[in-house]
Amino acid sequence: MRGWAAGGLLRLGLLLLYGVCNALSLEIKVDPEVQAFVDEQVTLKCSFRSFSPITQKLTVDWTYQPLTGGRMETIFHYQSVAYPAVVGTFRDRISWVGNVAKGDASIAIQNPTMNDNGTFTCAVKNPPDVHHNIPQTKLTVTHRGFSSQLTSAVLLSILVFLPSAIVVVLLLVRMGRKFGVLKHRKKSGYKKSSIEVSDDPEHTEQGTCPGRMGTWCLQCVDTDEEEPY
């Protein structure tokens, strides 16, 4: 009977301890993979949730391990103020973009290079919340392709010049058809009937001054069309 009671108390104690550990733990989230381009600033996001009030004891540490392996190095430390790395690979290239009051512990890397490829770890401690998961972000830095750089410019050019080109082509086609009909009538000796002539407004106005001027302009156009190239 005593053994059963002792076992029950032990299990109860373990459950209480487990609950306390969970209550005093942090939850951290990061992007598993981040794609970046050479010389273009990239942000490594890190958000956390603490069950304790945020105090000046809260710390944030970012560490980095090269893709090829090797030792991990601390590249950023925060406690009330930011302490970027002043030596090493990321010297003077790390900036603080987070806000601990909003659960944000993100950093930014200026002028990334392909040598920066590797794994980044975000660690947050807010005593008494010091236990947390250890999420990692894999950063891949590549050169931005020439085609990608021109994509927006090409798209803008198409939107601007395509409508204008369509209008010009339609005008050329229309003019070509009009001149083709005129030449065909000229070569085939096309003549209007007496009814067409009598109904033609141009014919009725030939006796007037504007009518004569219109006839003269039409003759000039016909003369220009028949000139050899």
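The values are calculated or read from the model by the stated rules, or taken from the named source; none is laboratory data. This is a predicted model, so every value here is computed, not measured. Every residue, glycine among them, receives a Cβ derived from its backbone with ideal geometry; neighbour counts consider all protein chains shown. Protein only, heavy atoms only, side chains kept; ligands, DNA and RNA dropped before computing areas. Shrake-Rupley method; radii C 1.70, N 1.55, O 1.52, S 1.80 Å.
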*Any residue at all in segment 41-49 that is aromatic (Phe, Trp, Tyr) and modelled with pLDDT under 95?*
no
*With the condition kept exactly as written, say whether any residue in segment 108-115 is assigned to a loop (DSSP other than H, G, I, E, B), closer than 17 Å to Ile28 by Cα and at pLDDT 95 or above.*
no
_I'm checking my understanding of the structure. Among residues of segment 113-148 that are open to solvent by 70 Å² or more (accessible area, probe 1.4 Å) and within 21 Å of the chain's Cα centre (by Cα), which one is nearest to Val97 (Cα to Cα)?_
Lys138
*Kindly provide the set of residues from segment 84-107 that are assigned to a loop (DSSP other than H, G, I, E, B) and charged (D, E, K, R), ordered by number.*
Arg91, Asp92, Arg93
*Count of residues meeting criterion [open to solvent by less than 50 Å² (accessible area, probe 1.4 Å) and not in a loop (DSSP other than H, G, I, E, B)] in segment 68-83*: 5
*State all residues of segment 25-67 that are open to solvent by less than 40 Å² (accessible area, probe 1.4 Å), of a type in the set (A, V, I, L, M, F, W, C) and not in a strand (DSSP E or B); if no residue qualifies, say none.*
Val38, Leu58
_Filter result (aromatic (Phe, Trp, Tyr), at pLDDT 95 or above and over 11 Å from Ser106 (Cα atoms)) within segment 50-77_ = Tyr64
*Among Ser164, Ser157, which is the only one that is open to solvent by less than 90 Å² (accessible area, probe 1.4 Å), in a helix (DSSP H, G or I) and modelled with pLDDT under 70?*
Ser157
_If I ask for residues that are touching a strand residue (DSSP E or B) at 6+ places or on another chain (Cβ under 8 Å), touching a residue at least 24 places away in the same chain (Cβ under 8 Å) and hydrophobic (A, V, I, L, M, F, W, C), which ones from segment 83-103 would you list?_
Phe90, Ile94, Val97, Val100
*How about segment 78-97: which of its residues are aromatic (Phe, Trp, Tyr) and under 28 Å from the mean Cα position of the chain (by Cα)?*
Phe90, Trp96
*Give just the number: which of (1) open to solvent by 60 Å² or more (accessible area, probe 1.4 Å); (2) at pLDDT 95 or above; (3) more than 15 Å from Val30 (Cα to Cα) does Ser95 not satisfy?*
(1)
_Among (1) within 18 Å of Thr137 (Cα to Cα); (2) touching an Asp or Glu at 6+ places or on another chain (Cβ under 8 Å); (3) open to solvent by 10 Å² or more (accessible area, probe 1.4 Å); (4) of a type in the set (A, V, I, L, M), the one test that Val86 misses_ = (1)
